[in-house]
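For reference, the structure discussed in these notes is given below.
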Amino acid sequence: MYECSKCVISPNWSVWSLGDGQPPEEIEKQIDTPPLSILLIEKPQSGSINVALAAFIQQNHLLYCLKGGDITFTAKVEAKDLLRKPTIKWFKGKWMDLASKTGKHLQLKESFDRFTKIHTFEMHIIKAKENYAGNYRCEVTYKDKFDSCSFDLEVKGLFSDSTRQTHNQKHQYYRSKQSMILNEIDQNTTTEKIAFMYGITDLRGLLRRLKKTKKEEKKSEAFAKRLEPAYQVDKGGKIRLVVDLADPTVELKWYKNGQEIRPTPKYIFEHKGTQRIMVINNCQINDDAAYSVSAGEEKCTTELFVKELPVNIVKHLEPVKTTVNERIELECEVSEEGAKVKWYVMKNGVEVPTGVRSRYRVKSEGTKHWLIIDDATKDDTGTYSLMATGGTTEAKVQVERTIILLFESDICLKELSNSSTIHDAGDYTFVPEGYTQTLSAKVHIIDPPRVHLEALNVQDNTVVIVAGNKLRLEIPISGEPAPRVVKKYIYKTPALNWAHGLFQVILDSGNRVRAETFADHTCLTIDIAEREDTGNYKIVLQNEAGEDTASVKIKVVDIPDAPEAPLVTDVGGDWCTMTWEPPRYDGGSPILGYFIERKKKQSSRWMRLNFDLCKETTFEPKKMIEGVPYEVRIFAVNAIGVSKPSEPSKPFLPLAVTSEPTMLVVDDVTDTTVTMKWRPPDTIGAAGLDGYQVEYCIEGTDEWILANKELIEKTRYTITGLPVEAKLLVRVKAINAAGASPPRTTQHSILVKEIRIPRHLKQTFIRKVGEVVNLVVPFVGKPRPKVNWLKEGQPIDQTINIRNSDCDSIMFIRKAERKHSGKYELSVQVENHIDTATLDIQIVDLPGPPQAVKIEEVWGNNVALDWNPPKDNGNAPIIGYTIQKADKKTMEWYTCIEHYHRTCITISDLVVGNEYFFRIYSENMVGLSESATATKDSALIVKEGLQLKIPEYNDRDFTEPPIFTQPLINTFAVAGYNATLNCSVRANPRPKVIWMKNKITIIDDPRYRMFSNQGVCTLEIRKPCPFDGGVYTCKAVNDLGEAQVDCKLEVKG
């Protein structure tokens, strides 16, 4: 046995590692200058695990049992400069991502310390096995930063004392073999001598460096993303193989082991933008193969590994003890239905023969398996075993012969078995002891005929065949003498005529359906199976010992009949709802689902709507064009294949209802009527607008009553005949050919006997001091309401005159004063119904002067002033100040600035040598204050030495990287009509504009036109089709940088 630091290799036990191994001299080589880490502050370190190995001998086979320890690898990342959590991936070898392998033996954990700002990532390996050894890699990414670290896991084996001697002997054998190979390599130094003649002194080192050199793979012109090197799936699972095409128009073909794959329910092809996907359903062992896809002249390959779970023994075999000519049944149960098992006879170590002419018959049903021996003989004694992938079970069978002794006059006449066999036939002679006479007899043994249907190994004696295929059914028969098939009793009972008792005799030859009989079996042959061949087939055997009959049911399966034309039950703006009935004949196999297709009525091109089978008998097609007539049809699918299409449905027209009407308000209310008005809907589709429907509901009931029997085109309607003092809700619907729109309903109930005061009176009413106030408040109420005025809860002043009428109330103030300001409440009452309105009256006056005007600072020819707002603002907010200045010599006032809002200012450009006073007026909506506040002190402008300072002017840099001022917008396009995408970019120098579709640059494609004018970039798509949908990108690049914007284009068919 050959042993290294990472694995143990023996002839009977192999452990494969997916890691990348290195030559021993490279492992021992030290790296002098390790690269600096960008993100990782603590890297995982290599480690080792001890695996206990115990061995035992079972039936001349050396078996091993492993039990390993646990190990943890830790990586830490400092997050002080990171805005979010970095992304980490753990790999084994080059490409095996361990995130999908987590479970009982592998766990990935992560944590974050808020105080130290450190992310900790851990990989736990629990109860390691021998194949866990190898090279591992940890990769950390954060935006444009990347860091990785490789480490090794060494698994050491610890042998028990029972196997150490055997292991050492094999270890010495493989060591001797290794030394012989190394000696042969050392003797062959001719290549190194030739390399030395040309100046190459380290040939082996050069070869190692060349091996490490990364091969530059040529960029594919057809594939933007290739298949992964390998895929793995569990048996019975589903796998998706995905490639991304650089050119979506190229023709694509899929192959399995070099044979082209056609679309079937098992292999489903999908298109998503530039992605091409093949879905393999219900993966079995025969799907474990090499797959490839070709696009034009290029090709990429991959391998699919189907993982099969081991089949365990649930119920073991039991020993059997019987006599000759008896029936023996060995029964066993496994963990999986339909599992493949093998039966062995342990006395000679060969597999049990199960052919048509064999004495052994194997039967299985669900998870149970039987081995049947009909006429047991003494030779059948032995040990029988069943072997599955997850274990083996065995049982002993003992067959004994029972002896009957016949005595007459104390003389043994003959020994005969009580269960005679065919081999017992022959001539027998009786010689009594002491006598010279003998008695001879001939024994002839006959056996009744039997039909052995168990050899078919089918459930319920039912044979299933696909229509169009050939069926050859061989059934073993037995009997002595050889039985004969009574031809006139070989019947076929058609499934449709069984109730009528109609029979059909099957002839020996010359027909499509024929029967043949041999010494040990009979054969039924159907050359080309048809649906009419389904039925019960009966066979009758006869010989001298008796008669036997048996029936076999043959089921011919085919593709289903075409379904009937679908029925479109509901239609929307871009969708419809369709239903259909299952086909009358399902082909003898359950319907798995349906495919749905649609087309425009004027077109002849059908479009598939679903790639996954529809299990129900209803479907909702979407993304149709409003106002265009369509037709739909159905395909039924069973396990055999796809049916013919159904007849197209009746043409239907997708139409959308309008949106709800807007701004529904009450226009007028009387004792018995309510008048409503509204505006048309915001969205009116291709079906237009036929009119409106008005409904009302009296509060306390759920019944909506139609107000107008015929549609109205106007946006105003009066509901008549309403009960007095009723409260009701009103709603309006817009009607077109597609139906009624969602209703627009009033938010509050409407009282038929109502008082209404205009809502606009809620705003503040402003007048100046001394002006006349004449305020008219209209209202509606029947009978004449009672009117009452209050000011802030108190009766109004006698200086205010009030005059009331049937429809309004007037407030009159001849000369307004500041005391008249306040909130007035008008209440209007009709019997027990009261409505109120609040009026805010504001009487404004001139403001007072500002306070505390002072000179804060004087420098150069500038003076800084500061002041406080006035105490009296005139019952209106201060809107500004007016600042004036006066020379002390003349004391003439000049305005410096008006409508100034702040309470501090700097006055500039004053004359050197003069002395100034300043005053300030306050201002509100009425005007300036009557007086101003002046400064107590004056400001003297002193002459100072001047020094000319020439300012420095820097040339403005107009260069800038690209910036998109108007991005791309997601757009919907109609197939066959040109579509445009627009955006605007600003940059200096002028950028280069690049358009991409699904991250693939658009170059010299006649279907696209690109324009760029004054920073506006336009992409025109000529007559797009559904395949032109996807993500479009506009990219601008200059010397200072680059920028890009994306949008999604969806093309409706």
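Counting only residues that are farther than 14 Å from residue 995 by Cβ and within 22 Å of the chain's Cα centre (by Cα), which one in segment 1018-1050 is least open to solvent (accessible area, probe 1.4 Å)?
1029
Filter segment 66-88 down to the residues that are over 18 Å from residue 133 (Cβ atoms) and open to solvent by 70 Å² or more (accessible area, probe 1.4 Å), then identify the one that is modelled with the highest pLDDT. Give the derivation first.
Residues of segment 66-88 over 18 Å from residue 133 (Cβ atoms): 74-88.
With open to solvent by 70 Å² or more (accessible area, probe 1.4 Å) added as a condition, the list becomes 78, 80-81, 83-85.
Working: 78: 87, 80: 77, 81: 76, 83: 76, 84: 80, 85: 84.
Taking the candidates together, the pick is 78.
Can you tell me which residue in segment 956-974 is farthest from residue 1035 (Cα to Cα), limited to those that are of a type outside the set (Phe, Trp, Tyr) and buried (at least 16 other Cβ atoms within 10 Å of the Cβ)? Spell out how you get there, then give the answer.
Step one: of segment 956-974, the residues of a type outside the set (Phe, Trp, Tyr) are 956-957, 959-963, 965-971, 973-974.
Now narrow it down to the ones that are buried (at least 16 other Cβ atoms within 10 Å of the Cβ): 961-962, 968, 971, 973.
On the way: 961: 12, 962: 9, 968: 11, 971: 18, 973: 22 Å.
Only one residue fits best here, namely 973.
Would you pick out the residues in segment 663-694 that are closer than 15 Å to residue 733 by Cβ, open to solvent by less than 20 Å² (accessible area, probe 1.4 Å) and not in a loop (DSSP other than H, G, I, E, B)?
Within segment 663-694, 676, 678, 691, 692, 694 meet the criteria.
Return the total of residues in segment 819-834 being among the hydroxyl-bearing types (Ser, Thr, Tyr) and either surrounded by 19 or more Cβ atoms within 10 Å (Cβ to Cβ) or not in a strand (DSSP E or B) (or both). Outline the logic, then answer.
Applying the first criterion (among the hydroxyl-bearing types (Ser, Thr, Tyr)) to segment 819-834 yields 821, 824, 827.
Still in the running and either surrounded by 19 or more Cβ atoms within 10 Å (Cβ to Cβ) or not in a strand (DSSP E or B) (or both): 821, 824.
Result for segment 819-834: 2.
Return the residues of segment 920-946 that are open to solvent by less than 30 Å² (accessible area, probe 1.4 Å), among the aliphatic types (A, V, I, L, M) and within 22 Å of residue 872 (Cα to Cα); say none if nothing qualifies.
920
Taking segment 979-1002 only, how many residues are outside any loop (DSSP other than H, G, I, E, B), open to solvent by 30 Å² or more (accessible area, probe 1.4 Å), of a type in the set (D, E, K, R) and within 21 Å of residue 225 (Cβ to Cβ)?
Total meeting the criteria: 0.
Only one of these is surrounded by 14 or more Cβ atoms within 10 Å (Cβ to Cβ), modelled with pLDDT of 90 or more and closer than 30 Å to residue 455 by Cα: 568, 556, 628, 552. Name it.
Working: 568 fails: closer than 30 Å to residue 455 by Cα; 628 fails: closer than 30 Å to residue 455 by Cα; 552 fails: modelled with pLDDT of 90 or more.
The match here is 556.
Against the definition (open to solvent by 60 Å² or more (accessible area, probe 1.4 Å), basic (Lys, Arg), part of a loop (DSSP other than H, G, I, E, B) and at pLDDT 80 or above), how does residue 815 come out, yes or no? Working first, answer last.
Values: open to solvent by 60 Å² or more (accessible area, probe 1.4 Å): yes; basic (Lys, Arg): yes; part of a loop (DSSP other than H, G, I, E, B): yes; at pLDDT 80 or above: yes.
Here the answer is yes, as residue 815 does meet what is asked.
For the structure I just gave you, tell me whether residue 729 is surrounded by 15 or more Cβ atoms within 10 Å (Cβ to Cβ), under 16 Å from residue 666 (Cα atoms) and at pLDDT below 90. Don't jump to the end; show me each part of the working.
Values: surrounded by 15 or more Cβ atoms within 10 Å (Cβ to Cβ): yes; under 16 Å from residue 666 (Cα atoms): yes; at pLDDT below 90: no.
So residue 729 does not fit the description; no.
Which of the residues that make up segment 524-549 are closer than 19 Å to residue 466 by Cα and either in contact with a strand residue (DSSP E or B) (Cβ under 6 Å, 6 or more places away or on another chain) or assigned to a strand (DSSP E or B) (or both)? Even if it seems obvious, please write down each step before you answer.
First, pick out the residues of segment 524-549 that are closer than 19 Å to residue 466 by Cα: 524-537.
Within segment 524-549, 524, 525, 526, 529, 531, 533, 534, 535, 536, 537 qualify.
Answer yes or no: is there a residue in segment 214-232 that is modelled with pLDDT under 90, within 19 Å of residue 611 (Cβ to Cβ) and open to solvent by less than 40 Å² (accessible area, probe 1.4 Å).
Checking segment 214-232: not a single residue is modelled with pLDDT under 90, within 19 Å of residue 611 (Cβ to Cβ) and open to solvent by less than 40 Å² (accessible area, probe 1.4 Å).
Confirm whether residue 1006 is farther than 11 Å from residue 1033 by Cα and assigned to a loop (DSSP other than H, G, I, E, B).
yes
Under 7 Å by Cβ, and 6 or more places apart or on different chains, what pairs join a residue from segment 971-990 that is within 29 Å of residue 626 (Cα to Cα) and hydrophobic (A, V, I, L, M, F, W, C) with one that is modelled with pLDDT under 90 and open to solvent by 40 Å² or more (accessible area, probe 1.4 Å)?
From segment 971-990, the pairs are 972/1052; 974/1052; 975/1026; 975/1052.
Going through segment 601-629 one residue at a time, which ones are under 25 Å from residue 974 (Cα atoms) and touching a residue at least 40 places away in the same chain (Cβ under 8 Å)?
Going through segment 601-629, the residues under 25 Å from residue 974 (Cα atoms) turn out to be 601-611, 619-629.
Residues satisfying the conditions are 601, 607, 611, 619, 620, 621, 622, 623, 624, 625, 626, 627.
So, of the residues in segment 889-919 that are in contact with a Gly (Cβ under 8 Å, 6 or more places away or on another chain) and surrounded by 13 or more Cβ atoms within 10 Å (Cβ to Cβ), which turns out to be farthest from residue 856 (Cα to Cα)?
Looking only at segment 889-919, we keep the residues that are in contact with a Gly (Cβ under 8 Å, 6 or more places away or on another chain), and these are 898-901.
Checking which are surrounded by 13 or more Cβ atoms within 10 Å (Cβ to Cβ) leaves us with 898, 900.
Values: 898: 20, 900: 18 Å.
Ranking the candidates gives 898 first.
Tally time: how many residues in segment 119-129 are on the phi < 0 side of the Ramachandran plot and open to solvent by 40 Å² or more (accessible area, probe 1.4 Å)?
First, the residues of segment 119-129 that are on the phi < 0 side of the Ramachandran plot: 119-126, 128-129.
Restricting the remaining residues to those that are open to solvent by 40 Å² or more (accessible area, probe 1.4 Å) gives 122, 126, 129.
Matching residues across segment 119-129 total 3.
Considering only segment 835-904, give the strands (runs of 3 or more DSSP E) lying wholly within it that have at least 1 residues that are free of Cβ contacts under 8 Å to residues at least 12 places away in the same chain.
On the way: elements: 851-859, 862-868, 880-887, 893-900.
Correct list: 851-859, 893-900.
Among the candidates 91, 112, single out the residue that is part of a strand (DSSP E or B), open to solvent by less than 70 Å² (accessible area, probe 1.4 Å), of a type in the set (Phe, Trp, Tyr) and farther than 19 Å from residue 70 by Cβ. Steps first, answer last, please.
On the way: 112 fails: open to solvent by less than 70 Å² (accessible area, probe 1.4 Å).
Exactly one residue qualifies, and that residue is 91.
In segment 667-704, which residues are among the hydrophobic types (A, V, I, L, M, F, W, C) and in contact with a strand residue (DSSP E or B) (Cβ under 6 Å, 6 or more places away or on another chain)? Before the answer, list the steps.
At the first step, the residues of segment 667-704 found to be among the hydrophobic types (A, V, I, L, M, F, W, C) are 669, 674, 676, 678, 684, 686-687, 689, 694, 697-698, 704.
Within segment 667-704, 674, 676, 678, 687, 689, 694, 697, 698, 704 qualify.
Only one of 572, 588 is within 30 Å of residue 975 (Cα to Cα) and in contact (Cβ under 8 Å) with a residue 24 or more places away in the chain. Can you tell me which?
Numbers: 588 fails: within 30 Å of residue 975 (Cα to Cα).
None of the others qualify; the one that does is 572.
Within segment 599-625, which residues are in contact with a strand residue (DSSP E or B) (Cβ under 8 Å, 6 or more places away or on another chain), of a type outside the set (A, V, I, L, M, F, W, C) and open to solvent by 20 Å² or more (accessible area, probe 1.4 Å)?
Selection gives 599, 600, 601, 605, 608, 612, 615, 617, 618, 620, 623.
Which residue is least open to solvent (accessible area, probe 1.4 Å), if the candidates are limited to segment 695-711 and must be in a loop (DSSP other than H, G, I, E, B) and farther than 16 Å from residue 727 by Cα?
Narrowing segment 695-711 to residues in a loop (DSSP other than H, G, I, E, B): 699-704, 707-711.
From the residues that got through so far, the ones that are farther than 16 Å from residue 727 by Cα too are 708-711.
Details: 708: 8, 709: 197, 710: 147, 711: 86 Å².
Ranking the qualifying residues of segment 695-711, first place goes to 708.
Restricting to segment 648-662, give me the number of residues that are assigned to a strand (DSSP E or B) and surrounded by 15 or more Cβ atoms within 10 Å (Cβ to Cβ). Don't jump to the end; show me each part of the working.
First pass over segment 648-662, keeping only residues assigned to a strand (DSSP E or B): 652, 662.
With surrounded by 15 or more Cβ atoms within 10 Å (Cβ to Cβ) added as a condition, the list becomes 652.
Selection size over segment 648-662: 1.
The values are calculated or read from the model by the stated rules, or taken from the named source; none is laboratory data. Computed from a prediction, not measured in an experiment: that's the story for all the values here. For neighbour counting, all protein chains shown are included, and Cβ atoms are generated from backbone atoms with ideal geometry for every residue, glycine included. Accessible surface is based on the protein model in full, side chains and every heavy atom, while ligands, DNA and RNA are left aside. Shrake-Rupley method; radii C 1.70, N 1.55, O 1.52, S 1.80 Å.
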